[in-house]
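This report refers to the structure that appears directly beneath it.
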């Protein structure tokens, strides 16, 4: 039988005479294998030869030992058809015998649409109903847009959204034993860190706890942001902080291989698909699974350089001082800006000078007195007050902070932005980041990095402001290092500095 089971279109009429004619053989086969279940009862969806990555998705669904799988795949890859339409049905009727399936999407409308597709398959698929039904009993009553009860299997499928609580969900004695999260994020919810944190916290505090020890969790979607839920789960899995597997399927892999040759036999077919999309941003994000900004980013993630420990003093790289950049705010109200303080440990002099960002910068809502206390504690933690320079953004009422700290005997100076916007200020220190003269700790600067990478889209930018304040002020005070023409290795940075009105320093 195995020689005749699979041909190009993989439709049930081509599965072999014995499978077609003998219901017992067919039922045994489809209950054991999700792959054959799909090709038998959902053959209308099989328009192209199954790709290896799709077979891997079937294997992931069949693996009862793997409790979590995170799948990022290109648009049109059939990931939702396999995992959100076919798998819930097979998980109940096949050998896994799941009793309570929960399907999650970002909105209730999206979740209900998934459930509607399942209901239509159960109601309209005659061969599935004859082989494994009946599914609906008149007296069962619960057969709607948010919940389906299948009495024959004592099973329930529920649709829910990230907008609602799912705490305490049960079907009789059963807690959810299969959870499928399909597109629980979109471009708006991932636009700023508050939205990304909200989705992640919902997933960790409500989705995971609602299950049990044997619950299987499938998370699928497109790549929307480097800090999205899927990417956070990826990092946790790859860092052995969370059990599970992560799979990423772009339409073309890093070696130029087309992942679905049955649908896209050559690069001409890929080009045709790309021309249909037209928008380069959407093509890279949704098909190549690469994040690019619609406008040029000020700082690119690949520019960042990291350190694990502060360097020991070397002849040309000696520790010279500590410096703190402060972007003050005087309110503890929820909608107020945060006070941010970024500290730097400076090594070396001149164009060999390096700025090591100290982990765990301050980023909190503080009143005036708490702000002063925080500056004092931070400065004293680095030694004497004379060893640390404090630079405070000097705008409007913020000058009172400068004067108060100065009256206490600290080395403090104001930084006037001189009409420069946030993006321009960050652009001025970009070459230092790219050239590895500003270094970030491997842990403890995540919020700062998020803000500088997402400047203009993130809700908060206080840490980014504090960073530019301390770096630009350090360089402004080092007048002796100014040279013209600029070092060719540092691009047009000096020219931009001059045109911005800062004429007495170089980077």
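Please work out which one of (1) more than 17 Å from residue 471 (Cα to Cα); (2) surrounded by fewer than 22 Cβ atoms within 10 Å (Cβ to Cβ); (3) under 32 Å from the mean Cα position of the chain (by Cα) is the condition residue 339 fails and give its number.
Checking residue 339 against (1) more than 17 Å from residue 471 (Cα to Cα); (2) surrounded by fewer than 22 Cβ atoms within 10 Å (Cβ to Cβ); (3) under 32 Å from the mean Cα position of the chain (by Cα), the one that fails is (2).
Select from the range 75-102 the residues that are touching a strand residue (DSSP E or B) at 6+ places or on another chain (Cβ under 9 Å) and either without any contact (Cβ under 8 Å) to a residue 40 or more places away in the chain or farther than 26 Å from residue 285 by Cβ (or both) and list them in ascending order.
88, 89, 91, 92, 93, 96, 97, 98, 99, 100, 101, 102
Based on this model, can you work out whether residue 433 counts as within 17 Å of residue 330 (Cβ to Cβ) and in a helix (DSSP H, G or I)? Talk me through it step by step, then tell me what you get.
Values: within 17 Å of residue 330 (Cβ to Cβ): no; in a helix (DSSP H, G or I): yes.
Spelling it out, it is not the case that residue 433 is within 17 Å of residue 330 (Cβ to Cβ) and in a helix (DSSP H, G or I).
Given the conditions (1) within 25 Å of residue 311 (Cβ to Cβ); (2) modelled with pLDDT under 90, which single one is not true for residue 495?
Condition (1) is where residue 495 drops out.
Pick from the range 279-311 the residues that are assigned to a loop (DSSP other than H, G, I, E, B), out of contact with any helix residue (DSSP H, G or I) (no Cβ under 9 Å at 6 or more places or on another chain) and at pLDDT 85 or above: which of them is surrounded by the most Cβ atoms within 10 Å (Cβ to Cβ)? Explain how you work it out, then say what you get.
Of the residues in the range 279-311, the ones assigned to a loop (DSSP other than H, G, I, E, B) are 279, 287-300, 304, 308-311.
Still in the list and also out of contact with any helix residue (DSSP H, G or I) (no Cβ under 9 Å at 6 or more places or on another chain): 279, 288-289, 295-296, 308-311.
When the remaining residues are screened for being at pLDDT 85 or above, the result is 288-289, 308-311.
Details: 288: 17, 289: 19, 308: 7, 309: 8, 310: 13, 311: 15.
Looking at the filtered set, the residue picked out is 289.
Just to be sure, is residue 275 crowded, with 17+ Cβ neighbours inside 10 Å, in a helix (DSSP H, G or I) and either at pLDDT below 90 or outside the structural domain of residue 75 (by TED's automatic domain parsing) (or both)?
So residue 275 fails the test.
Could you pull out the residue among 342, 401, 346, 417 that is in a strand (DSSP E or B) and within 22 Å of residue 460 (Cβ to Cβ)?
The unique qualifying residue is 342.
Among 239, 254, 192, which is the only one that is assigned by TED's automatic domain parsing to the domain that holds residue 168 and either in contact with a helix residue (DSSP H, G or I) (Cβ under 7 Å, 6 or more places away or on another chain) or closer than 26 Å to residue 54 by Cα (or both)?
239
Going by what's in this entry, would residue 366 be described as over 23 Å from residue 305 (Cβ atoms), touching a helix residue (DSSP H, G or I) at 6+ places or on another chain (Cβ under 9 Å), surrounded by 20 or more Cβ atoms within 10 Å (Cβ to Cβ) and at pLDDT below 95?
Yes; evaluated as a whole, the condition is true for this residue.
So, in the range 222-272, how many residues would count as being closer than 19 Å to residue 75 by Cβ and surrounded by 14 or more Cβ atoms within 10 Å (Cβ to Cβ)?
Result for the range 222-272: 27.
Quick check, is residue 404 modelled with pLDDT of 90 or more, farther than 26 Å from residue 239 by Cα, surrounded by fewer than 20 Cβ atoms within 10 Å (Cβ to Cβ) and assigned by TED's automatic domain parsing to the domain that holds residue 347?
Yes; evaluated as a whole, the condition is true for this residue.
The values are calculated or read from the model by the stated rules, or taken from the named source; none is laboratory data. Note that this is a predicted model, so its numbers are computed, not measured. For neighbour counting, all protein chains shown are included, and Cβ atoms are generated from backbone atoms with ideal geometry for every residue, glycine included.
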